[in-house]
Amino acid sequence: MPAYRPSTPPPPPPTSARELITAHGGRVTRTRVAVIDVLLGSQHPLSHDEIAAALDGEHIEHDRVTLYRALEWLVEQGIAQRIASGERAWRFEIRRGGEHRHAHFHCERCGQILCLEDVPTPASAPLPPGFAVERAELVLHGACAACGRHAQKGEQ
């Protein structure tokens, strides 16, 4: 019979960008920390240019290549998620709670992307035996409320 071992609770989730990077075995850099902080502070996915503008607004020095590399590393580590947008640019958001299980709405007029937490995603679809979902993306396209109102009024 195996010896009794009291169960130990899992470690608490990282509480800062530095802890998150370290928990994934990464090198803590000013750009990685700043990008995580920007993404955590956003209510919607951001483009590379929007992230760069936020860093500029905080007077954090960076260049395009370093920012691309930081974003790529965050995606590879599963810290951030890349979302396709209609303007041939990726948008990024922090993955909260480990699994990314929500849909997005993309306004084709203004480019805004919103997270839709209550929409069932393809990951919940029944699959044939032996199939396993690794990741699913669902993006609904249309007009947001503001753009829809402008269209109803005949504005462009």
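A short reminder: the numbers here are calculations on the coordinates, not readings from a lab. Keep in mind the model is a prediction, meaning the values are calculated, not measured. Please note: Cβ atoms are built from the backbone with ideal geometry, for glycine as well, and neighbour counts cover all protein chains shown.
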Per-selection Kirkwood Rh - region 15-96 (Cα, Å, 1 d.p.) = 12.6
request  = List the GluC sites (Glu not before Pro) within region 19-78 that fall in a DSSP loop (any state other than H, G, I, E or B) and whose Cβ has at most 14 other Cβ atoms within 10 Å.
outcome  = E58, E61
query = How would you classify region 29-76 from its alpha-carbon gyration tensor, with a ≥ b ≥ c the square roots of the eigenvalues: rounded for a/c under 1.5, else prolate if a/b is greater than b/c, otherwise oblate?
reply = rounded
